[in-house]
């Protein structure tokens, strides 16, 4: 029996770093190990982005305390609506570049999103400071996931200039959010 192969999408392996991302892709149905196809790598990225979107939407809904107004609208609200606006573009770009409609499959996206979210704490039932700490961790993971996805696709010679620009732009925006969350976490 084969065990699932692990594909790391993100930064260097750092066991003590909570921003490390480990995504497991089950390849048991293959006779021999074959590197994941570009569309599968991109599908994992899409799932991670969707997980991030759902988490930030949850944070927007349950934030509380003295910084409620700013956190609700200007931080978590801004982040989750930006991701919501961009995920359609990300999925469409993937379908177009990799000629694979399964990238847009809601069940597949949900499966990949669930893999990420199983590793995360829910924003529900958390103090405002803990929500901000977790949001920073998950935002850094999103940045690493974008960087890792682009790197893997580039190594496979499957990264078009448009795809690279889109991932870089999305990653750049979230590096900015990481700064805002870092400042917010300082209390």
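Here are some notes:
- Listed peptides 130-141, 53-64, 77-88 appear in the order 130-141, 53-64, 77-88 once ranked by packing, highest mean of other Cβ atoms within 10 Å at the front.
- Contour minus Cα-Cα distance for residue 172 and residue 37 (0.36 nm per residue): 46.1 nm
- Percent of alpha-carbon pairs separated by more than 23 Å within segment 39-185: 33 percent
- Separation of the residue 85 and residue 185 label points, Cα + 7 Å toward Cβ, nm: 2.6 nm
- Summary of packing: across the peptides 162-173, 38-49, the per-residue average of other C-beta atoms within 10 Å ranks them, highest first, as 38-49, 162-173.
- Nitroxide proxy distance, nm - points 7 Å out along Cα→Cβ at residue 165 and residue 130: 4.4 nm
- Contour minus Cα-Cα distance for residue 122 and residue 99 (0.36 nm per residue): 4.8 nm
- Ordering 108-114, 95-101 by mean Cβ neighbour count within 10 Å, with the highest value first, yields 108-114, 95-101.
- The gain in end-to-end length when the residue 154 to residue 61 segment is fully stretched comes to 29.7 nm, 0.36 nm per residue minus the alpha carbon separation.
Each value in this text was obtained by applying a stated rule to the coordinates, not by laboratory testing. Just so it is clear, the structure is predicted and the values come from calculations on it, not from any experiment. Heads up, the Cβs are rebuilt from the backbone with ideal geometry, glycines too, and the neighbour counts pull from every protein chain shown.
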